[in-house]
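**Student:** Provided herewith is a single structure, encoded as structure tokens, for subsequent inquiry.
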Amino acid sequence: MAIVFIRTLIIFIALMISTRLAGKRQMGELELNELIVAVLMANLASHPLQDIGIPLINGLIPVLTLFCCEVIIAGINMKSVWFRGFLHGKPSILIANGVVNQREMRKNRLSLEELTENLRNHSITDIRKVKYAILETNGTLNAILFPAERPVTAAQMNITTEDPGFPSIIINDGKIMKENLRLLGKDEQWLMDELRKRNAKGPEDVYLMMLNNMDQIYYLPQEKVK
Amino acid sequence: MTKEIVAVVILVLLLAGTVLNVWYLERLVNDLLSHIDKSMEYADRSEYGPAVEELQYAVDKWNENDRYTHIFIRHSEIGVVSEAFYDYLSDLCDENSKSAKGSYQKLRWALASIVTMEHVTLGSVF
């Protein structure tokens, strides 16, 4: 039991260090500690399930230990800027004013192909248009264009726009979302009237129905199953 | 902050639990070993009746702790110890002193090994 506890702590710390040294690229969208806990927990918990000769407690102790470590680290992360920097590193500025920072590229072991691929994910094909490209601590790349390259906003054009609000689902695969309907200030009677207008007998004839604050409706009937 | 405090408390409790487990296991095994050693002393003097009695007491004690052992010790190790107990008991019942010596050593080793495995040493951790 004590061995399992100590081993879990050692493996957790070793994984933290190795993943931290491996750099941001390895992490995807999870933070360092979340990644380690996710990888370890699934693996550790499965052993006593597969082998009934191993006491269940040998699986529970590591899981509980990891969970506590994760909660403690997340807590310290929130409170300490130094610890956050120590654990997750700092964001790397890969492009500044249209110029690729080669030192940061080498430091993050990122190739130009990977950088351009990431930029294309943001619909950017020309590096010269990028004011800043920042590799965040969770491994994602954020790109900020030069002001002249940014899409024009309604505010810049002095155009007044109406806010349609957040579209909510009111019928989901034949089921009425009563809470959403209530939040939008509608009742079932109103819904039935709208369905009748669309030749639907009831909610069961609807696959998806959405409504926004401007009473705009998106309607998709159920496909007939042959 | 409450979550973090609870996590620290759980970690401390786990650590305390592990220490308690080592202490309990050590106490149990030492108790069993004292009876096993006594039974060997009787067997050395060819007093097989009291030797079997002593060992039977240890076997019963081991079986009484069945719930604890099955929760905290790998079942394969429990099997090794139980087998060693019954091998030694069988040799004592047969009054086979030569064979009893061997099975006595085997039982001692099996019991000692479950304690050694729980002891926190560089060897056991790594």
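The values are calculated or read from the model by the stated rules, or taken from the named source; none is laboratory data. Source: prediction; values computed, not measured. Glycine gets a Cβ as well: all are built from the backbone with ideal geometry, and neighbour counts include every protein chain shown. Surface areas here come from the heavy atoms of the whole protein model, side chains and all, with no ligands, DNA or RNA. Shrake-Rupley method; radii C 1.70, N 1.55, O 1.52, S 1.80 Å.
**Student:** Restricting attention to region B:58-81, report how many residues are of a type in the set (Val, Ile, Thr) and in contact (Cβ under 8 Å) with a residue 24 or more places away in the chain.
**Tutor:** Summing the residues that are of a type in the set (Val, Ile, Thr) and in contact (Cβ under 8 Å) with a residue 24 or more places away in the chain in region B:58-81 gives 4.
**Student:** Of these, B:3, B:98, which one is basic (Lys, Arg), within 14 Å of another protein chain (Cβ to nearest Cβ), more than 18 Å from residue A:2 (Cβ to Cβ) and exposed (fewer than 14 other Cβ atoms within 10 Å of the Cβ)?
**Tutor:** B:3
**Student:** Separate question: Restricting to region A:116-150, and then to whatever is of a type in the set (Ser, Thr, Tyr) and in contact with a helix residue (DSSP H, G or I) (Cβ under 9 Å, 6 or more places away or on another chain), can you tell me which residue is nearest to residue A:89 (Cα to Cα)?
**Tutor:** Checked region A:116-150; the qualifying residue nearest to residue A:89 (Cα to Cα) is A:137.
**Student:** Of everything in region A:71-103 that's surrounded by 18 or more Cβ atoms within 10 Å (Cβ to Cβ) and under 23 Å from residue A:142 (Cα atoms), which residue is farthest from the chain's Cα centre (by Cα)?
**Tutor:** The selected residue is A:95.
**Student:** Any idea which residue in region B:46-77 is most open to solvent (accessible area, probe 1.4 Å), counting only those that are among the basic types (Lys, Arg) and either more than 19 Å from residue B:110 (Cβ to Cβ) or in contact with a Pro (Cβ under 9 Å, 6 or more places away or on another chain) (or both)?
**Tutor:** So the residue we want is B:67.
**Student:** How about region B:25-56: which of its residues are of a type in the set (Val, Ile, Thr) and more than 12 Å from the chain's Cα centre (by Cα)?
**Tutor:** Result: B:52, single match.
**Student:** Further question on the same structure: Pick from B:12, B:29: which is in a helix (DSSP H, G or I) and within 12 Å of another protein chain (Cβ to nearest Cβ)?
**Tutor:** Exactly one of B:12, B:29 is in a helix (DSSP H, G or I) and within 12 Å of another protein chain (Cβ to nearest Cβ), namely B:12.
**Student:** Right, another one. I want to confirm something. Restricting to region A:45-70 and keeping residues that are at pLDDT 70 or above and open to solvent by 50 Å² or more (accessible area, probe 1.4 Å), which single residue is nearest to the chain's Cα centre (by Cα)?
**Tutor:** Among them, the one singled out is A:67.
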